1. Please state which of the following conditions residue 104 fails to meet, knowing it meets all the rest: (1) out of contact with any helix residue (DSSP H, G or I) (no Cβ under 6 Å at 6 or more places or on another chain); (2) at pLDDT 95 or above; (3) surrounded by fewer than 16 Cβ atoms within 10 Å (Cβ to Cβ).
2. Just to verify a result, which residue in the range 187-200, among those that are surrounded by 10 or more Cβ atoms within 10 Å (Cβ to Cβ) and under 30 Å from residue 90 (Cα atoms), is modelled with the lowest pLDDT?
3. Can you tell me which of (1) in a loop (DSSP other than H, G, I, E, B); (2) in contact with a strand residue (DSSP E or B) (Cβ under 8 Å, 6 or more places away or on another chain) is the one residue 181 doesn't meet?
4. Would you mind telling me which numbered condition in (1) in contact with a strand residue (DSSP E or B) (Cβ under 9 Å, 6 or more places away or on another chain); (2) at pLDDT 95 or above; (3) under 30 Å from residue 208 (Cα atoms) residue 166 fails?
5. Looking only at residues that are surrounded by 14 or more Cβ atoms within 10 Å (Cβ to Cβ) and out of contact with any strand residue (DSSP E or B) (no Cβ under 9 Å at 6 or more places or on another chain) in the range 33-44, which one is nearest to residue 100 (Cα to Cα)?
6. Any residue in the range 134-146 that is in a helix (DSSP H, G or I) and either surrounded by fewer than 17 Cβ atoms within 10 Å (Cβ to Cβ) or out of contact with any strand residue (DSSP E or B) (no Cβ under 8 Å at 6 or more places or on another chain) (or both)?
7. Quick one: residue 129 ticks every box in (1) surrounded by fewer than 19 Cβ atoms within 10 Å (Cβ to Cβ); (2) touching a helix residue (DSSP H, G or I) at 6+ places or on another chain (Cβ under 8 Å); (3) in contact (Cβ under 8 Å) with a residue 24 or more places away in the chain bar one, so which box is it?
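The values are calculated or read from the model by the stated rules, or taken from the named source; none is laboratory data. Bear in mind the structure is a predicted one, so any value in this text is a computation, not a measurement. Cβ atoms come from the backbone with ideal geometry, glycine included; neighbour counts cover every protein chain shown.
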């Protein structure tokens with residue numbers, strides 16, 4: 001902005017891109033905001049930037065937290081997410097890596113960030129900034145060693161993926177309903193009838209969607 005001599009150029013860029021192509025989802029994207037250790041990159045200042053862009057007519061449809069985190073503290077990350085969530089704009093971790101020489105500590109630190117991000121209702125996605133040794137921007141952040149071995153940090157991530165998947169089994173009640181509590185996402189429903197006939201149904205449960213998943217057994 002200093003070089004261009006125009007304080008309003010960020011808002012202009014948002015509006016001009018949207019005019020030229022309204023399809024892309026336009027984000028702000030910044031670093032250190034979630035760490036709580038940079039007075040120039042606080043959640044409050046970031047939220048103010050979003051509010052200023054919106055007041056200038058820019059449509060901000062995503063808040064990016066780069067997520068280059070060292071020694072993460074869950075409470076600090078949660079507080080930052082809470083503050084940014086007040087903007088009403090979806091949040092993404094856009095460049096996540098957690099460098100730590102000790103791979104055991106790396107696994108624990110990465111788990112802190114992932115659990116806080118996954119648990120927060122305003123966070124809609126997480127993008128890793130690489131995973132393979134030798135291809136990462138920052139050293140000591142990889143999840144897979146150069147020989148293809150999944151290290152302790154990578155295994156922790158795989159374990160979380162399993163934990164955050166829903167596997168529900170049971171019988172229909174007298175009204176033909178089977179109720180369970182599960183995560184949002186894509187479901188494959190397999191039904192075995194009294195005649196041992198199997199039926200498959202694939203459905204996606206979106207955030208905030210309480211519509212029942214219906215499997216038609218008329219031909220079963």
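1. With respect to (1) out of contact with any helix residue (DSSP H, G or I) (no Cβ under 6 Å at 6 or more places or on another chain); (2) at pLDDT 95 or above; (3) surrounded by fewer than 16 Cβ atoms within 10 Å (Cβ to Cβ), residue 104 is out only on (1).
2. Restricting to residues being surrounded by 10 or more Cβ atoms within 10 Å (Cβ to Cβ) and under 30 Å from residue 90 (Cα atoms), the top hit is 189.
3. Here residue 181 meets the rest and fails (2).
4. The one condition residue 166 does not meet is (2).
5. 36
6. Within the range 134-146, not a single residue is in a helix (DSSP H, G or I) and either surrounded by fewer than 17 Cβ atoms within 10 Å (Cβ to Cβ) or out of contact with any strand residue (DSSP E or B) (no Cβ under 8 Å at 6 or more places or on another chain) (or both).
7. Of everything listed in (1) surrounded by fewer than 19 Cβ atoms within 10 Å (Cβ to Cβ); (2) touching a helix residue (DSSP H, G or I) at 6+ places or on another chain (Cβ under 8 Å); (3) in contact (Cβ under 8 Å) with a residue 24 or more places away in the chain, residue 129 misses just condition (2).
Results for (1) in the same structural domain as residue 213 (by TED's automatic domain parsing); (2) modelled with pLDDT of 95 or more; (3) in contact with a helix residue (DSSP H, G or I) (Cβ under 6 Å, 6 or more places away or on another chain), shown as yes or no for each residue.
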position: 134; (1), (2), (3): no, yes, no
position: 139; (1), (2), (3): no, no, no
position: 143; (1), (2), (3): no, yes, yes
position: 146; (1), (2), (3): no, yes, no
position: 158; (1), (2), (3): no, yes, no
position: 173; (1), (2), (3): yes, no, no
